[in-house]
1. Inside the range 114-128, can you point out the residues that are within 18 Å of Cys193 (Cβ to Cβ) and not in a helix (DSSP H, G or I)?
2. Condition check: under 19 Å from Pro115 (Cα atoms) and either β-branched (Val, Ile, Thr) or assigned to a strand (DSSP E or B) (or both). Does Arg189 satisfy that?
3. For the range 47-88, enumerate the residues that are over 23 Å from Tyr123 (Cβ atoms), touching a strand residue (DSSP E or B) at 6+ places or on another chain (Cβ under 9 Å) and not in a helix (DSSP H, G or I).
4. Just the residues that are within 11 Å of the chain's Cα centre (by Cα) and farther than 22 Å from Val226 by Cα, please, taken from the range 143-165.
5. Within the range 129-157, how many residues turn out to be touching a residue at least 60 places away in the same chain (Cβ under 8 Å), open to solvent by less than 30 Å² (accessible area, probe 1.4 Å), in a helix (DSSP H, G or I) and closer than 13 Å to Cys114 by Cα?
6. Does Ile82 qualify as being surrounded by 23 or more Cβ atoms within 10 Å (Cβ to Cβ), of a type in the set (Val, Ile, Thr) and in contact with a helix residue (DSSP H, G or I) (Cβ under 6 Å, 6 or more places away or on another chain)?
7. Keeping to the range 165-185, report how many residues are within 17 Å of Pro115 (Cβ to Cβ) and more than 13 Å from the ligand (Cβ to nearest atom).
Amino acid sequence: MSDLGIGAGAGGGGATVRRDPRASQGVLADGVIKTKPRVERNRVLVTGGAGFVGSHLCEFLVNRGDQVICIDNFFTGSKDNIAHLIGKPNFEVIRHDVVEPILLEVDQIFHLACPASPIHYKYNPIKTIKTSFLGTMNMLGLARRVRARFLLTSTSEVYGDPLQHPQTESYWGNVNPIGERSCYDEGKRAAECLTMDYHREHGIEVRIVRIFNTYGPRMALDDGRVVSNFVAQVGALMHPRVRGCDVSL
Ligand SMILES: O=C(O)[C@H]1O[C@H](OP(=O)(O)OP(=O)(O)OC[C@H]2O[C@@H](n3ccc(=O)[nH]c3=O)[C@H](O)[C@@H]2O)[C@H](O)[C@@H](O)[C@@H]1O
C-alpha cells in the first residue's frame, strides 16, 4: 500500500488501482483511517547525560524544547545532576551502558559517555578503552541506522604530552600508546578515528569537540582533575599542587 492510498496488485502491470475519493483526507481504499507517525520535535540522545558536562547539555536541550533521552550507566554521573529534569515531559532517562548496543529513534546523538578524570579512567583501564571504542562504535552504528547527526566529546588528552603550545587542530599530538593514561588518550583517539571513518564511509554528519579543562556547578570536588583539585586544596588551605609536574603554587 502506498502513501497515496492506492491499492495495487503485487504483480504490478495490469493491477487495478482504486483511489478512495477521501484519500486526501487520510482514508484508505478499505475505509481504514491512515494515521501518520507522530513526529516529535527534535529527538536528541545524550550519552553520559548524568555527568558534569552532560547534565548541563541535557538542561540546555530540555529548555530549548527538544525531546531529550539521557542514557548513562552512572559510573561517575549521578541522578542528583539531573534531578531537576526528571518529571519534565520532554526528558527521559535510561540506565544503560554504551558498550552494549541500543536502538532508539533519534535525530541527533551527543556522545559523552566515558570516565573523564584520571582516577576514574585508571580505575578499570580495559573498561575505559572498551567504553571509548565499543561505545562510540555502537552510537555511530545507531546514527547510521537512523540517519542521526552525531557529536563526539573528545578531549585535549588526544594531544598527549604535547610538544606544541597552544595546540591547534592541525597538531597530531605526542601520545604514549602504552602508558597508564593510554586507555583514555588512545581510547578517545580511536573514537575520533571511528567517527571520521563513519563520516567518510557512510556519510554520517559528525562533529568532534576536544574539551579542555571545564569547571562549574555540579563539578565533583573529588573528581581528581586539575580545577577541582585546586578548588579543593584552596578550600582546605593547602598549597595547590599540579599533579605530574611537581609544581607547587
Ligand atoms: O572534559 C572531557 O574531556 C570530558 O567531558 C565530559 O566528561 P565530564 O562530564 O567532565 O565527566 P563525568 O561527570 O564523569 O561524566 C561522564 C558521564 O559518562 C557516564 N559514563 C561513564 C562511563 C561509562 O562507561 N558509561 C557512562 O555512561 C558517567 O556515569 C557520567 O555520567 C564528557 O562526558 C567526556 O566524554 C569528555 O571526555
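1. The answer is Cys114, and nothing else.
2. Details: under 19 Å from Pro115 (Cα atoms): yes; either β-branched (Val, Ile, Thr) or assigned to a strand (DSSP E or B) (or both): no.
When the stated conditions are applied, Arg189 does not pass them.
3. Asp66, Gln67, Val68, Ile69, Leu85, Ile86, Lys88
4. Let us first name the residues in the range 143-165 that are within 11 Å of the chain's Cα centre (by Cα), namely 143, 149-154.
Residues satisfying the conditions are Ala143, Arg149, Phe150, Leu151, Leu152.
5. The qualifying residues number 2.
6. yes
7. Of the residues in the range 165-185, the ones within 17 Å of Pro115 (Cβ to Cβ) are 179-185.
Filter again for more than 13 Å from the ligand (Cβ to nearest atom), leaving 179-180, 182.
Total meeting the criteria: 3.
Per-residue answers, yes or no, for (1) within 7 Å of the ligand (Cβ to nearest atom); (2) open to solvent by less than 60 Å² (accessible area, probe 1.4 Å):
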| position | (1), (2) |
| --- | --- |
| Val46 | no, yes |
| Phe52 | yes, yes |
| Cys58 | no, yes |
| Val62 | no, yes |
| Asp72 | yes, yes |
| Thr76 | yes, no |
| Lys88 | no, no |
| Arg95 | no, no |
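The values are calculated or read from the model by the stated rules, or taken from the named source; none is laboratory data. Owing to the predicted nature of the structure, the values given are computational and were not obtained by experimental measurement. Don't worry about glycine lacking a Cβ; one is built from the backbone with ideal geometry, like all the others, and counts go over all protein chains shown. For accessibility, only protein heavy atoms count, side chains too; no ligands or nucleic acids. Shrake-Rupley method; radii C 1.70, N 1.55, O 1.52, S 1.80 Å.
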